[in-house]
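Notes follow once the structure below has been shown.
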Amino acid sequence: MSDDSTHGSDEPASGQAMWGGRFSAKPAELMQAINVSIGFDKRLAPQDLAGSRAHAAMLRKQGVITSADEQQIQGGLQAIEAEMAAGTFPYRDEFEDIHMNVEARLRELIGPVAGRLHTARSRNDQVAVDFRLWVRDACDRTIAQLRALQQALILKAEAHAETLMPGFTHLQPAQPVTFGHHLMAYVEMFGRDAGRFSDARRRMNESPLGAAALAGSPFPIDRDATARALGFDRPTANSLDSVSDRDFALEALAAATLAGIHLSRLAEEIVIWMTPQFGFIKLTDAFTTGSSIMPQKKNPDAAELVRAKVGRLLGSFTQLAVVMKGLPLAYSKDMQEDKVPTFDAFDALELSLAAMAGMVADMEPVSARMAAAAGAGYSTATDLADWLVRTLDMPFRDAHHVTGAAVKRAEQLNCDLSDLPLKELQALSQGITAEVYDVLTPRASAGSRKSYGGAAPDQVRAQVARWKDMLK
């Protein structure tokens with residue numbers, strides 16, 4: 001996608017490029033190979049047609065082209081759209097990119113009047129508006145997918161608000177929580193991801209159309225009108241920035257990378273939970289595969305592949321950041337390299353979100369295994385310390401010391417804290433009574449965490465209700 005003049009309607013000489021007036025020879029084959037972008041930027045076709053329709057309508061309204069010209073142009077664009085839908089549109093490398101392919105086909109369909117469509121615009125602002133529209137659409141799709149994933153997590157969390165499981169720090173048993181509480185943590189993460197895409201969308205929702213090559217246009221164009229027609233909030237305010245900005249893509253890729261990180265974390269937990277050593281969840285055949293040699297295997301390949309996609313997302317962000325980091329204003333051909341990584345990233349993200357939503361709906365916890373693990377590793381030790389503080393008015397640091405001694409004694413006797421004889425506990429602190437055992441079960445531990453956002457089932461249900469309300 002090269003710089004292009006802002007006007008001119010004469011048909012190019014046979015065999016010349018659309019921009020070939022200054023050139024007397026064709027590009028070398030290698031130049032053509034490195035320059036052509038139609039192989040990937042044809043994905044911008046719907047956005048290119050939308051931008052052209054809005055531009056043509058504005059030119060007619062401003063008296064730059066006649067109503068007859070606009071009618072022919074709009075009819076030709078409609079015919080091109082029909083060809084694309086039918087798969088018969090003739091994409092050709094000789095015209096480099098989607099913009100010139102559309103314009104060349106328009107000339108074939110309606111004649112020289114097609115050249116009037118390019119009045120008061122350049123391929124620089126044309127690609128800027130097309131790409132913004134594409135990224136904006138991708139953000140909208142991603143937000144919808146994130147919301148669908150949140151809904152799947154919320155439904156599962158609501159069903160398992162009381163299903164005990166161990167909470168971990170350092171992947172070591174820490175305190176009992178519930179499966180519902182654990183899943184709601186990801187609802188929060190994906191909620192932030194949706195917020196980041198929404199924020200990025202709001203910032204990118206300005207129209208560069210009319211900035212032309214880099215300096216604006218001498219024609220009496222109405223940039224507010226084309227911005228409104230394309231669903232933008234306003235036109236961009238600086239023509240140089242309009243054609244050289246790719247922050248909108250970088251910001252969307254950064255949001256995609258963070259979403260990928262969160263997907264990868266959940267995927268990793270699914271992989272761990274599926275192991276026989278954990279045995280916390282089961283997935284059906286829909287999201288698992290087998291082995292070509294080991295018939296017993298049931299591998300969580302969907303989760304593993306989602307876990308891997310974050311590398312592509314981060315790679316796409318890094319690739320575009322490196323392209324942009326040293327570019328002077330305004331447009332440079334380097335920026336043609338913005339689309340492939342962005343397309344690839346959103347393809348990977350959208351597939352990952354769909355797969356994860358499917359896995360969340362599909363997975364079922366093995367409740368007995370989770371509950372047994374919830375009490376392992378002296379996970380109710382903090383509850384003992386808290387009881388000493390509440391009941392005996394013991395300073396927490398002293399209670400922490402007594403509890404540590406109790407854990408050590410339980411290890412020596414090879415029993416759980418809840419099975420430690422009362423006399424052993426009283427040997428550590430005389431005020432301890434049999435009431436202490438009421439807090440030393442995993443269910444009592446999880447149920448006691450009633451602070452806002454805590455693991456108690458009622459708190460989980462409250463957060464489920466809050467998110468259901470927010471997602472209406």
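Rolling a 1.4 angstrom probe over the protein heavy atoms with all chains in place gives region 330-385 an accessible area of 30 Å² per residue. Computed extension gain for Glu29 through Cys415, at 0.36 nm per residue and net of the alpha carbon distance, reaches 131.2 nm.
Largest to smallest in accessible area, the residues Phe280, Phe396 fall in the order Phe396, Phe280 (1.4 Å probe, all protein chains included).
Average the reciprocal distances over every distinct pair of alpha-carbons in region 155-301, invert the result, and give the Kirkwood radius in Å. Walk me through the numbers before you get to the answer.
Values: mean 1/r = 0.0509 Å⁻¹.
Across region 155-301, the inverse of the average 1/r is 19.7 Å.
Projecting label points 7 angstrom from Cα along Cα→Cβ for Asp247 and Phe396 puts them 4.3 nm apart. Once both labels are positioned 7 Å from their Cα atoms along Cα-to-Cβ, the gap between Lys297 and Thr66 label points is 7.2 nm. A P(r) calculated from all alpha carbon pairs of region 272-335, with 5 Å bins opening at zero, reads 4, 13, 15, 15, 10, 8, 7, 7, 7, 7, 6, 2, 0 percent.
Rank Arg397, Arg136, Arg147 by accessible area, highest first, at a 1.4 Å probe radius? Don't skip to the answer; put the middle values down first.
Values: Arg397 170, Arg136 20, Arg147 75 Å².
Output order, biggest surface exposure first: Arg397, Arg147, Arg136.
Rounded to 0.05, the FRET efficiency of the Ala79 and Glu304 pair, given R0 = 60 Å and the Cβ-Cβ distance, is 0.80.
If you average the sequence gap of Cα pairs under 8 Å that are 6 or more apart and divide by the length of region 210-349, what percent do you get for the contact order?
Working: 144 pairs, mean separation 36.9, N = 140.
Averaging sequence separation for qualifying contacts and normalising by length gives 26 percent for region 210-349.
Across the alpha-carbon atoms of region 301-371, the computed radius of gyration and Dmax are 18.3, 63 angstrom.
Can you pull the semi-axes for region 229-308, root of five times each eigenvalue of the Cα gyration tensor, sorted largest first, whole Å? Before the final figure, lay out each step's value.
Values: eigenvalues 400, 31, 25 Å².
For region 229-308, the ellipsoid semi-axes come out as 45, 12, 11 Å.
How far is the Cα center of region 178-253 from the Cα center of region 448-472, in Å? Each part reduced to its Cα centre gives a spacing of 33 Å.
Rounded to the nearest angstrom and listed largest first, the equivalent-ellipsoid semi-axes of region 45-86 from its Cα gyration tensor are 21, 11, 4.
Subtracting the Cα-Cα distance of Asp224 and Ser451 from their residue separation scaled by 0.36 nm leaves 76.6 nm.
Using only the C-alpha atoms, the convex hull of region 102-220 corresponds to 163 Å³ per residue. Taking all protein chains into account, the per residue accessible area for region 403-453 stands at 59 Å² (1.4 Å probe).
Counting only protein heavy atoms and a 1.4 Å probe, region 189-297 has 45 square angstrom of accessible area per residue. Between region 46-113 and region 298-354, the alpha-carbon centres lie 30 Å apart.
Hey, what D do you get for region 321-472 in µm²/s if you plug the Kirkwood alpha-carbon radius into Stokes-Einstein at 37 °C and 0.692 mPa s? Walk me through the intermediate numbers first.
Values: Rh = 20.4 Å.
Diffusion coefficient, whole number: 161 µm²/s.
Here, region 27-113 yields an orientationally averaged convex hull projection of 6.0 nm² when only Cα atoms define the hull.
Checking the cross-link pairs Lys282/Lys408; Lys156/Lys450; Lys156/Lys282 against a 25 Å limit on the alpha carbon distance flags Lys282/Lys408 as lying beyond it. Surface composition of the chain: carbon and sulfur make up 54 percent of the accessible area, probe 1.4 Å.
Just flag the trypsin sites (Lys or Arg not before Pro) in region 324-387 sitting in loop per DSSP whose Cβ has no more than 14 other Cβ atoms within 10 Å.
Details: sites: Lys325, Lys333, Lys339, Arg369; in loops: Lys325.
Qualifying residues, ordered by number: Lys325.
At R0 = 30 Å, how high is the FRET efficiency between Val407 and Asp458 if r is their beta carbon distance? Nearest 0.05 is fine.
Given R0 = 30 Å and the Cβ-Cβ separation, E is 0.55.
Computed from the C-beta positions of Arg141 and Arg369 and an R0 of 35 Å, the FRET efficiency is 0.40 to the nearest 0.05. Report the far tail of the P(r) of the chain, meaning the percent of Cα-Cα pairs longer than 35 Å. Everything past 35 Å amounts to 50 percent.
As a check on your grasp of the helix formula, calculate [θ] at 222 nm for the chain: sum -39500 (n - 2.57) over DSSP H runs of n ≥ 4, divide by the residue count, round to the nearest 500. Display every interim value, and only then the final one.
On the way: 18 runs with 279 residues, N = 472.
Computed mean residue ellipticity for the chain: -19500 deg cm²/dmol.
Rg and Dmax over the alpha-carbon atoms of region 413-466 stand at 15.2, 46 Å. Computed from label points 7 Å out along Cα-Cβ, the spacing between Asp199 and Ala286 is 3.4 nm. Among Ile281, Ile261, the order of accessible area from largest down is Ile261, Ile281, computed with a 1.4 Å probe on protein heavy atoms. Length available on full extension from Val322 to Glu268: 0.36 nm per residue minus the Cα-Cα distance, which gives 16.5 nm.
Per residue, what volume in Å³ does the Cα convex hull of region 261-384 take up? List each step's numbers first, then the result.
Details: hull volume 21.6 nm³, N = 124.
Value for region 261-384: 174 Å³ per residue.
The values are calculated or read from the model by the stated rules, or taken from the named source; none is laboratory data. None of the values given here were measured: they were computed from a predicted structure. Cβ atoms come from the backbone with ideal geometry, glycine included; neighbour counts cover every protein chain shown. Please note that ligands, DNA and RNA were not included when accessible areas were found on the heavy atoms of the full protein model with its side chains. Shrake-Rupley method; radii C 1.70, N 1.55, O 1.52, S 1.80 Å.
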